[in-house]
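Novice: First the structure, then my questions, so here it is.
Any read-out appearing in this document is the output of simple, stated calculations on the displayed coordinates, not a laboratory observation. Computed from a prediction, not measured in an experiment: that's the story for all the values here. Note that each Cβ is placed from the backbone with ideal geometry, even for glycine, and that neighbours are counted across all protein chains shown.
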Amino acid sequence: MNDMSEKPRMPDEVGVPDPFQYMHPTSIENYGNWDWHERKRPGVLHHVSKSGDDLFTVRAGTQRQMDVYTIRKLCDIGDEFADGHVRFTTRSNIEYMVSDEAKVQPLIDALTEAGFPVGGTGGSVSMISHTQGWLHCDIPGTDASGVVKGLMDDLYKDFTTELMPNRVRITTSCCQINCGGQGDIAVNVQYTKPPKINHDLVGNVCERPAVVARCPVAAIRPAMVNGKPSLEIDEKKCVCCGACYPPCPPMQINSAESTKIAIWVGGKHSNARSKPTFHKLAVANLPNNPPHWPEVTEVVRKILDAYKADAKHWERVGEWIERIGWSRFFEMTDLAFTKHHIDTWTGSRKTMNASAHVHF
Ligand code: SF4
Ligand code: SF4
């Protein structure tokens, strides 16, 4: 029996740490008291507080998955050339804060010398936020970080300059369903065929009710195959999402022929100027072509070139497309409008997005 006089156990988990312990002293002193800010050059922000304090932030791109030597190098740069305080942005950029403007240029020089480009602010293509399932997840269909490397080799100059009409946020995802994000341009895996079931293994490996419950469109049913308990798929309903593969590896959906890459455009999280939007399909069926995914880079470059040439100042990619119309978008980017752009799925009254029937 519990002794009610005992104090409750403190939770072991730590959750999100208190951010103030890591913040630059000028940030702490002026918390909630900032007056205005400007961008001094690509990659450098200047904030001024109501009390007149200055804080300069220098932003540099990193490769996100870093070995300990690289992290130490970044920290050494922070100790030697900045004031010893750094933060990472959600897009894996590292930011150094300094209160003295005279430190900004030597810091930029040190980062550039060490191979970290300074940029990612304002109308630039910031670092790509990407999933990294190839390292740790159970369902990736490609190496999203490899796609990022292929893309950023080409977009390097767009990171270090601010020549786009507005900020461009790109995301990549290594499966079709889970932790990818909305983006001005989103590069996602696309499975083009329903899973193939290895009936000999299902009975030994999988909990069939768990697999049946996992399908968002109720396309999986228990079945007896050759006298053994197994599963069957209603292929007309299946949307090839890949959700059944993690709890049931014998339902293999990955293959060289059926794992492709799709590019979506016009997504936006913020509600600045216009409401947040989901991205929409621009190109389907690109080859999943490691190690550099040149077909993906070519399409992203076409979209960015058209956006840069035609969008009005401060229009995001989605706002630009809505203004000119989707048919003009396909003309300007020289991309084909195909049957894959038409939602022909008949399993729901309107579209699958109308259903909250998702089991996880
Ligand atoms: S995108 Fe999919 S495969 Fe990649 S890490 Fe997220 S859940 Fe895993
Ligand atoms: S979970 Fe996804 S891939 Fe599997 S059967 Fe259902 S719709 Fe198809």
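Novice: So what J values fall out for region 251-258 if you push phi through Karplus, 6.51 cos²θ - 1.76 cosθ + 1.60 with θ = phi - 60°, rounded to Hz, Gly and Pro as x?
Specialist: 8, 6, 10, 7, 7, 4, 7, 10
Novice: Straight-line reach from Lys302: which aspartates and glutamates fall under 16 Å, measuring Cα to Cα and dropping same-chain residues less than 8 apart?
Specialist: Asp153, Asp154, Asp158, Asp184, Asp310, Glu331, Asp334
Novice: If r is the Cβ-Cβ distance from Glu331 to Thr192 and R0 is 25 Å, what FRET efficiency results, to the nearest 0.05?
Specialist: Numbers: r = 26 Å, r/R0 = 1.05.
E between Glu331 and Thr192, to the nearest 0.05, is 0.45.
Novice: Taking the Cα centroid of region 92-118 and of region 266-285, what is the distance between the two, rounded to the nearest whole Å?
Specialist: Cα centres, region 92-118 to region 266-285: 32 Å.
Novice: Strictly under 4.7 angstrom between C-beta atoms: which cysteines of the chain have no such partner?
Specialist: Cysteines of the chain left without a disulfide-compatible partner: Cys75, Cys137, Cys174, Cys175, Cys179, Cys215, Cys238, Cys240, Cys241, Cys244.
Novice: Follow-up. Sorting Lys157, Lys7, Lys280 on the 10 Å Cβ count, fewest up front, what's the list?
Specialist: Sorted ascending by nearby Cβ count, the order is Lys7, Lys157, Lys280.
Novice: Next question. What size of dipole, in debye to the nearest 20, comes out for region 1-58 about its Cα centre when the only charges are +1 on Lys and Arg C-beta atoms and -1 on Asp and Glu C-beta atoms?
Specialist: 360
Novice: In units of 2.2 N^0.38 Å, what is the alpha-carbon radius of gyration of region 1-73?
Specialist: Computed over Cα atoms of region 1-73, the ratio equals 1.82.
Novice: Moving on to the next point. How many nm is it between the label spots at Lys7 and His199, if each spot is 7 Å from the Cα in line with the beta carbon?
Specialist: The modelled label-to-label distance comes out at 6.3 nm.
Novice: Compute the distance from the alpha-carbon center of region 181-218 to that of region 228-242, in whole Å.
Specialist: 8
Novice: Among 294-301, 67-74, 147-154, how do they line up by average Cβ neighbours within 10 Å per residue, starting with the highest?
Specialist: Output ranking for 294-301, 67-74, 147-154: 147-154, 294-301, 67-74.
Novice: Let me ask something else. Let's see if you can work this out: charge +1 on each Lys and Arg Cβ, -1 on each Asp and Glu Cβ, no other charges. What is the dipole magnitude of the chain about its Cα centre, in debye to the nearest 20?
Specialist: Rounded to the nearest 20 debye, it is 1600 debye.
Novice: Kindly list the residues of region 242-256 that lie in the label zone of Glu235, defined by a backbone N under 19 Å from the point 7 Å along the Cα-to-C-beta vector.
Specialist: 242-245, 250-256
Novice: Could you work out how much longer the chain between Met23 and Arg221 gets when fully extended? Use 0.36 nm per residue separation minus the Cα distance between them, nm to one decimal. Before the final figure, lay out each step's value.
Specialist: Working: separation 198, 0.36 × 198 = 71.28 nm, distance 5.35 nm.
Computed gain between Met23 and Arg221 is 65.9 nm.
Novice: A further question follows. Could you point to the residue in Ser99, Gly115, His46 farthest towards the positive end of region 1-121's charge dipole, with +1 and -1 charges on the Cβ of Lys/Arg and Asp/Glu respectively?
Specialist: Among Ser99, Gly115, His46, the one farthest towards the positive end of the dipole of region 1-121 is Gly115.
Novice: Can you sort Ile108, Ile321, Ile94 by how many other beta carbons sit within 10 Å, fewest first?
Specialist: The fewest-first ordering by Cβ neighbours comes to Ile108, Ile94, Ile321.
Novice: In addition: Would you mind getting the Kirkwood hydrodynamic radius of the chain from its Cα pairs, rounded to one decimal in Å? Walk me through the numbers before you get to the answer.
Specialist: On the way: mean 1/r = 0.0429 Å⁻¹.
Over the chain, the inverse of the mean reciprocal pair distance is 23.3 Å.
Novice: Express in nm, to one decimal, how much length is gained between Lys280 and Asp343 on full extension, taking 0.36 nm for each residue of separation and deducting their alpha carbon distance.
Specialist: Extra length available between Lys280 and Asp343 comes to 21.6 nm.
Novice: Only helices at least 15 Å long along their own axis, judged from Cα atoms, and with Kyte-Doolittle mean hydropathy of 0.0 or greater: name those in the chain from DSSP H.
Specialist: Once both thresholds are applied, what remains is 68-81, 144-160.
Novice: Once the piece of chain linking Arg323 and Gln105 is laid out straight, how much longer is it, given 0.36 nm per residue of separation minus the C-alpha distance between them?
Specialist: On the way: separation 218, 0.36 × 218 = 78.48 nm, distance 4.02 nm.
Extra length available between Arg323 and Gln105 comes to 74.5 nm.
Novice: Also: Considering only Cα-Cα distances, which of the following residue pairs are longer than 21 Å: Lys157/Lys308; Lys149/Lys193; Lys237/Lys268?
Specialist: Beyond 21 Å between Cα atoms: Lys149/Lys193; Lys237/Lys268.
Novice: Moving on. Starting from the amide H of Asn178, placed 1.01 Å from N in the peptide plane, find each other amide H under 5 Å away whose residue is 5 or more places distant or on another chain.
Specialist: Correct list: empty.
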